[in-house]
Amino acid sequence: MPNLKVKSDYWLFLLTMIAVITVAGCYRPGKSKKKIFHYNEFNGIASLDPAFAKSQATMWPAHQLFNTLVEIDDSLHIKPSLAKNWGVSDDRTIYTFHLRSDVLFHDDEAFPGNKGRPLIAADVVYTFNRILDKQTASPGSWIFNRKVDSLQPFAAINDSTFQLKLLRPYNPILGILSMQYCSVVPKEAVEKYGTDFRRHPVGTGPFQFVAWEEGQTLVLKKNPNYFEIDSMGRRLPYVDGVKVSFYDSKATEFLLFRQKQLEFINDIDASFKDEILTKQGELRTDWKGKLELQVNPYLNIEYLGILVDTANELLKNSPMRIKKIRQAINYGFDRRKMVLYLRNSLGTAAESGFVPLGLPSFDSSVVKGYHYDPVKAKQLLMEAGYPDGKNLPAIKLLTIAIYADMANFIAKQLSESGIQVQVDVVQKSLLLEMTASSRALFFRGSWIADYPDAENYLSVFYSKNPAPPNYTRYKNPQFDELFEQAIRETNDSLRYKLYQQADQVMIEDAPVVPLWYDKVVRLVQPDVKGFRPNALNLLELRWVILD
């Protein structure tokens with residue numbers, strides 16, 4: 001039997017040497033040490049192929065290695081990236097993008113002479129067709145479903161002009177094109193590496209691939225040919241490389257951060273949040289000056305989902321098929337107290353709809369959700385035929401370990417109204433599989449925006465969408481009609497009103513229990529400059545300076 005530890009140590013040694021030689025460089029008289037940005041990916045990375053960038057863990061490296069036609073700025077506005085500008089036809093079904101002429105793919109063996117070639121419009125056509133190709137099996141294939149022309153959705157007019165044709169006007173399309181799924185890839189590299197493209201990515205991004213030993217270390221180096229420059233004419237990025245570790249212990253991650261071996265950590269684990277933060281979400285006095293706390297609105301909602309497909313056998317004898325029971329659950333616990341004590345105020349109680357705080361269409365004065373009202377919860381239980389919860393069967397809530405405290409808090413408060421909840425902690429992979437196959441009746445979930453438009457959230461309840469994203473299998477013709485009107489509407493104010501109406505219809509049906517609207521929370525070393533949080537919580541390293 002091979003000695004796995006020796007093999008693992010060998011790979012760690014090899015990767016360290018690669019990092020030192022290729023990225024960090026050598027010490028020379030009169031030369032300063034190269035600047036490397038370190039972070040830990042607690043959840044691991046499944047693939048470096050952007051066609052599979054379905055989680056934050058995979059989106060972060062994709063954003064360093066690749067570019068999209070357009071991107072989202074800090075104010076959630078669409079701005080140019082690979083496309084320098086674009087135009088829209090009068091009927092709003094044809095988008096014409098004019099590409100930059102100074103973009104090169106990373107130097108790689110896939111190209112003649114190992115030199116990266118210029119990006120052209122045919123690369124965009126290839127990339128988008130690849131997403132749709134069933135053989136690729138991209139989890140992002142849904143992004144163009146029922147949106148783009150079925151005959152010729154993508155066309156290269158010439159090397160610098162790309163055209164996208166829609167079936168009908170669809171206002172959020174630019175947001176869709178900013179997603180990491182739409183990162184442009186070269187055909188030569190995909191064909192050369194085949195399925196191994198997942199671990200040998202070639203893009204146009206600010207950093208390029210060096211080495212990856214899965215579960216150990218990922219090393220990227222600065223792309224010397226990157227096309228973006230700052231206002232002083234300096235080429236981005238400023239740092240020389242990125243090194244990612246994969247420790248699956250939050251305690252270890254925090255220790256490494258305290259030892260200054262990581263530039264930042266994302267989110268604060270429950271095990272040490274009280275050591276660092278007050279209940280009001282501020283740094284405790286003894287941490288001030290030692291680290292920087294970054295808090296920013298985050299387009300993510302944490303929620304409990306409820307399967308509402310009455311054709312499913314799980315609902316046959318379940319009280320969850322009754323709307324008043326679902327509403328009683330929504331009224332039966334205190335979201336504000338939960339956020340204060342379990343989140344140290346790092347979030348906002350979700351007392352409006354599913355569309356979170358931070359989006360321009362959010363308006364809690366228009367969309368009325370649920371607040372803590374145990375009297376109302378008991379009244380609804382009685383109206384549903386279960387006075388004080390008498391004869392109401394226990395309801396199983398599926399969650400993952402890191403949310404067990406939240407689930408237990410909710411279960412305890414619901415029991416006071418007569419609703420008995422059994423918390424069942426399962427592996428994340430099992431929970432995802434069960435929700436996707438409609439085998440989870442009551443489950444913990446979250447929805448992070450792929451692009452900053454309420455359509456992204458409300459699509460979770462559109463009856464024509466499968467699971468994902470419609471994990472609850474919600475179906476309401478009134479909601480569908482409002483949703484379809486909204487995505488055709490070109491006037492922002494009118495579209496927002498339609499979004500709000502759809503959100504209100506859904507929230508009254510209660511296929512979900514909104515918990516809190518999230519915040520980006522980062523602990524950052526004091527010597528890291530230009531590292532700005534954003535509402536999509538993308539890892540933006542182009543502008544980072546390490547003092």
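Values in this text are rule-based calculations from the coordinates and carry no lab data. Note that this is a predicted model, so its numbers are computed, not measured. Glycine gets a Cβ as well: all are built from the backbone with ideal geometry, and neighbour counts include every protein chain shown.
What pairs in Lys250/Lys368; Lys323/Lys412; Lys54/Lys368 have C-alpha atoms more than 29 Å from each other?
Lys250/Lys368; Lys54/Lys368
Work out the length of the dipole vector of the stretch 460-537 about its Cα centre, built from +1 on the beta-carbon of each Lys and Arg and -1 on the beta-carbon of each Asp and Glu, and round it to the nearest 20 debye.
Rounded to the nearest 20 debye, it is 340 debye.
Hey, got the dipole for the stretch 298-520? About the Cα centre, +1 on K and R Cβ, -1 on D and E Cβ, debye to the nearest 20?
My answer is approximately 620 debye.
Beyond 32 Å, how much of the Cα-Cα pair distribution for the stretch 298-520 remains, as a whole percent?
13
Specify which residue in the list Met59, Tyr193, Ser271 is farthest towards the positive end of the charge dipole of the chain, using unit charges on the beta carbon of Lys, Arg (+1) and Asp, Glu (-1), about the Cα centre.
Ser271
Looking at the P(r) of the chain, how many percent of alpha-carbon pairs lie beyond 41 Å?
The proportion of pairs with Cα distances above 41 Å equals 26 percent.
Which values, in whole Å and largest first, are the semi-axes of the equivalent ellipsoid of the stretch 380-432 obtained as the square root of 5 times each eigenvalue of the Cα gyration tensor?
Calculated on Cα positions only, the semi-axes equal 25, 11, 7 Å.
What is the stretch 209-309's relative contact order, in percent, from Cα pairs under 8 angstrom and six or more apart in sequence?
Reported relative contact order: 15 percent.
Could you name the lysines in cross-link range of Lys316, using Cα to Cα under 25 Å and dropping any fewer than eight places away on the same chain?
Hits, sequence-local ones excluded: Lys324, Lys378, Lys390, Lys396, Lys464, Lys475.
Enter the angle in degrees (range 0 to 90, nearest 10) between the Cα long axis of helix 56-65 and the first principal axis of the Cα atoms of the chain, meaning the one along which they spread out most.
Result, in degrees: 20.
Using a simple charge model, +1 on the beta-carbon of Lys and Arg, -1 on the beta-carbon of Asp and Glu, nothing else, what dipole does the chain show about its Cα centre, in debye to the nearest 20?
620
In the stretch 66-205, how many lysine pairs have Cα atoms under 30 Å apart, counting only pairs 8 or more places apart or on different chains?
19
When only C-alpha pairs under 8 Å and at least 6 residues apart count, what is the relative contact order of the chain, in percent?
Answer for the chain is 18 percent.
Return an integer: the convex hull volume of the alpha-carbon atoms of the stretch 446-547, in Å³ per residue.
131
How high is the relative contact order of the stretch 392-504? Use alpha-carbon pairs under 8 Å, at least six apart in sequence, and give a whole percent.
20 percent.
Give me the one-decimal nm value for the distance between modelled label points at Arg117 and Arg92, 7 Å along each residue's Cα-to-Cβ direction.
My value for the distance between the label points is 3.8 nm.
Put +1 on the Cβ of each Lys and Arg and -1 on the Cβ of each Asp and Glu in the chain; which of Leu119, Tyr39, Asn85 then has its Cα farthest toward the positive end of the dipole?
Of the candidates, Tyr39 comes out farthest on the positive side.
When we measure straight from the Cα of Lys221, which aspartates and glutamates land under 14 angstrom away, once same-chain ones fewer than 8 places off are left out?
Here the aspartates and glutamates satisfying the reach criterion relative to Lys221 are Asp107, Asp108, Asp240.
In deg cm²/dmol, rounded to 500, what helix-only [θ] at 222 nm does the chain give when every DSSP H run of at least 4 residues adds -39500 (n - 2.57) and the total is split over its residues?
Result for the chain, helices only: -7500 deg cm²/dmol.
How far is the Cα center of the stretch 367-414 from the Cα center of the stretch 44-94, in Å?
The stretch 367-414 and the stretch 44-94 have Cα centres separated by 40 Å.
Tally Lys and Arg at +1 and Asp and Glu at -1 over the other residues with C-beta under 15 Å from the C-beta of Asp492: what net charge comes out?
0
Which order do peptides 256-264, 284-292 fall in by mean Cβ count within 10 Å, highest first?
Highest-to-lowest ranking by the protection proxy: 256-264, 284-292.
Compute the distance from the alpha-carbon center of the stretch 138-209 to that of the stretch 266-294, in whole Å.
40
Quick one: pull the percentage of alpha-carbon pairs in the stretch 88-193 with a separation above 25 Å.
22
Angle check, please: helix 492-509 long axis (alpha carbons) against the longest principal axis of the chain (alpha carbons), in degrees 0 to 90, nearest 10.
In the chain, helix 492-509 runs at an angle near 50 degrees to the longest axis.
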